[in-house]
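Asks: Quick one: the structure is below, questions incoming.
The values are calculated or read from the model by the stated rules, or taken from the named source; none is laboratory data. Everything quoted here is computed from the prediction, not taken from an experiment. Cβ placement follows ideal geometry from the backbone for every residue including glycine, while neighbour counts extend to all protein chains displayed. Note: areas computed on protein heavy atoms with side chains; ligands, DNA, RNA excluded. Shrake-Rupley method; radii C 1.70, N 1.55, O 1.52, S 1.80 Å.
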Amino acid sequence: KDFRPVAFWNPALLTDPQGRASIEFTLPDSTTAYRVYAVAIDKGAAFCTAERQMVVTREFYVQPGLPRFLTEGDAAAFPLMLQNKTEKAGKAHLKVEEAKNLLVRLEQTEGAVTPMGVSTVKVLMSADNGAGEGALTFSGRFDQYKDAIREVFPILSRYLPVRRAKFGSFSDKTEIGFEFPAEVAALTPAERNGVLKATLGLSTTEWTKIAPGLRYLLQYPYGCVEQTSSGIIPLAALRKLVEQGLIPGITVARIDSFVK
């Protein structure tokens, strides 16, 4: 379950007088080729680089070809691949250890394994338990080798997103009414759970109107470092307003954690 893309990083590793240094670290669970990249810098302005590949594999491992997400009510079939890196042949014994918010069935609990080969077993899955997080853990055993893998992915609501916003200003007192769309008002309490959300923000200034934009920066869903880091500029610039309580629903601690 540990699939970190960067296995090790040390920006301040010191060498001995002969220019040698050694490191020790635990690899993530990924079976892949890592790029080992080193930059050496002296006390002046000189530097040089070197790189090589490090291939990581296991004698036997299981690899599910899962979809990136499911929508509530979806049914899917996908392969569970059995990777054999040994010269042996035989049978692998397979099991579903965990199925959170999912109904999962292996078409067969044994799979034929060929020397240095890949074989597949079909898996049937349906998402009938509501929106939220889906998690699957598969385990396999072949000869003296065993492996297990856990994957987590979202189960989306089957409803189309409907967003309604209401802005206004007042002094002294006011009553605020909100009429939900008919299709939302007709949902049962069970159907609303985890799907329907209402937010009320009050502020003494117009700054409350930029709160949704800042909230989006703080939970930006993509991992590209250039895109994520671009959010630092507006968040750092508006930190003082947050500190003064002028932007509701966002704390200085949350901004500082993101910026750090």
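Asks: Looking at Val104, Val62 in this structure, which one is β-branched (Val, Ile, Thr), over 30 Å from Pro189 (Cα atoms) and in contact with a Ser or Thr (Cβ under 9 Å, 6 or more places away or on another chain)?
Replies: Val62
Asks: Also, I was wondering about something else. Are any residues in region 221-247 surrounded by 14 or more Cβ atoms within 10 Å (Cβ to Cβ) and at pLDDT below 80, and if so, which ones?
Replies: Thr228
Asks: Quick one: count up the residues across region 38-96 that are of a type in the set (A, V, I, L, M, F, W, C), more than 30 Å from Leu156 (Cα to Cα) and surrounded by 15 or more Cβ atoms within 10 Å (Cβ to Cβ).
Replies: Looking only at that region, the number is 2.
Asks: Anything in region 80-105 that is touching a Lys or Arg at 6+ places or on another chain (Cβ under 9 Å) and either of a type in the set (D, E, K, R) or over 26 Å from Gly130 (Cβ atoms) (or both)? List them, or say none.
Replies: Hits for region 80-105 are Gln83, Lys85, Ala92, His93, Leu94, Lys95, Glu97, Glu98.
Asks: For region 191-217, give me the residue count where each residue is under 22 Å from the mean Cα position of the chain (by Cα), surrounded by 14 or more Cβ atoms within 10 Å (Cβ to Cβ) and modelled with pLDDT of 80 or more.
Replies: Of the residues in region 191-217, 3 are under 22 Å from the mean Cα position of the chain (by Cα), surrounded by 14 or more Cβ atoms within 10 Å (Cβ to Cβ) and modelled with pLDDT of 80 or more.
Asks: Separate question: For region 223-260, which positions are among the small types (Gly, Ala, Ser) and in a helix (DSSP H, G or I)?
Replies: Selection gives Ser229, Ala236, Ala237, Ala253, Ser257.
Asks: Go through (1) in contact with a Pro (Cβ under 6 Å, 6 or more places away or on another chain); (2) not in a loop (DSSP other than H, G, I, E, B) one by one and return the number of the condition Gln63 breaks.
Replies: Here Gln63 clears every test but (1).
Asks: Give all pairs with beta carbons closer than 8 Å in which a residue from region 243-260 that is free of Cβ contacts under 8 Å to residues at least 24 places away in the same chain meets a residue that is open to solvent by 60 Å² or more (accessible area, probe 1.4 Å); count only pairs at least 6 apart in sequence or on separate chains.
Replies: Val252/Arg239; Val252/Glu243; Asp256/Arg239
Asks: A follow-up question, please. Collect the residues in region 230-260 that are within 27 Å of the chain's Cα centre (by Cα) and of a type in the set (Asp, Glu), keeping them in residue-number order.
Replies: The one that is within 27 Å of the chain's Cα centre (by Cα) and of a type in the set (Asp, Glu): Asp256.
Asks: Every residue in region 19-60 that is in a strand (DSSP E or B) and of a type in the set (A, V, I, L, M, F, W, C), please.
Replies: Answer for region 19-60, where residues must be in a strand (DSSP E or B) and of a type in the set (A, V, I, L, M, F, W, C): Ala33, Val36, Ala38, Val39, Ala40, Ile41, Phe47, Cys48, Ala50, Met54, Val55, Phe60.
Asks: Still on this structure, I have one more. Of the numbered conditions (1) in a strand (DSSP E or B); (2) open to solvent by 40 Å² or more (accessible area, probe 1.4 Å); (3) of a type outside the set (Phe, Trp, Tyr), Ser139 fails exactly one; give the number of that condition.
Replies: Failed condition: (2).
Asks: Cβ-Cβ under 9 Å, sequence separation 6+ or interchain: first residue in region 5-24 and loosely packed, with under 10 Cβ neighbours inside 10 Å, partner at pLDDT below 90. Which pairs?
Replies: That search, which allows pairs on different chains as well, returns Pro5/Ser30; Pro5/Gly223.
Asks: What are the pairs with Cβ atoms under 8 angstrom where one residue, in region 175-201, is on the phi > 0 side of the Ramachandran plot and the other, located anywhere, is open to solvent by less than 100 Å² (accessible area, probe 1.4 Å) and not acidic (Asp, Glu)? Sequence gap at least six, or different chains.
Replies: Matching pairs, first to second residue: Gly194/Gly130; Gly194/Ala131; Gly194/Gly132; Gly194/Ser157.
Asks: Tally time: how many residues in region 106-131 are of a type outside the set (Val, Ile, Thr), out of contact with any Lys or Arg (no Cβ under 9 Å at 6 or more places or on another chain) and under 16 Å from Gln63 (Cα atoms)?
Replies: Counting residues in region 106-131 that are of a type outside the set (Val, Ile, Thr), out of contact with any Lys or Arg (no Cβ under 9 Å at 6 or more places or on another chain) and under 16 Å from Gln63 (Cα atoms) gives 3.
Asks: Hey, another quick one. Is it true that Pro17 is farther than 22 Å from Met116 by Cα and in contact with a strand residue (DSSP E or B) (Cβ under 7 Å, 6 or more places away or on another chain)?
Replies: Judged against the criteria, Pro17 is not a match.
Asks: Right, another one. What number of residues in region 160-190 are assigned to a helix (DSSP H, G or I), loosely packed, with under 10 Cβ neighbours inside 10 Å and within 32 Å of the chain's Cα centre (by Cα)?
Replies: 2
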